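Reading through the C-alpha cells given below for one structure.
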Amino acid sequence: MLIPVVQIGNSRGIRLPKNILRELSIEDEVQMEVHDDELVLKGVEKKPRQGWDAAFAKAPETKTTALLLPEYLDDQSFEWVW
C-alpha cells in the first residue's frame, strides 16, 4: 500500500487509514522502532488502572479516616438542590 508523505506544520508525516488503525487496535499512541532500513509501528496495549501503583506510592500516607466533607455528609437536615 502506498500512502503519501504530507506536510504537518514544520514536519512531515503520514496518515494511517482508519481501517488499519481499527484492525491493529491503535488509538492514541504507537511504538515506533527502526530496524535496518524498515520503520516498524506497533500498537500500544493500554491496561486498565495502568500506573495506579506508582500514583498511590507518591500519595502522602495519612492515617485519618475523617470524611473529606464532614459538614455536609453528617448534617441530616441537608437536602440536595437540583
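Quick look at the values:
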| read-out | value |
| --- | --- |
| Test: E27 is in a loop (DSSP other than H, G, I, E, B) and among the acidic types (D, E) | yes |
| Search result, residues across region 1-32 that are under 21 Å from the mean Cα position of the chain (by Cα), at pLDDT 90 or above and exposed (fewer than 10 other Cβ atoms within 10 Å of the Cβ) | K18, M32 |
| Residues of region 51-72 satisfying the condition of being modelled with pLDDT of 80 or more and not in a helix (DSSP H, G or I) | G51 |
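The values are calculated or read from the model by the stated rules, or taken from the named source; none is laboratory data. In this text the structure is predicted, and so the values were computed from the model without any measurement. As a convention, Cβ positions derive from the backbone with ideal geometry for all residues, glycine included, and neighbour counts pool all protein chains shown.
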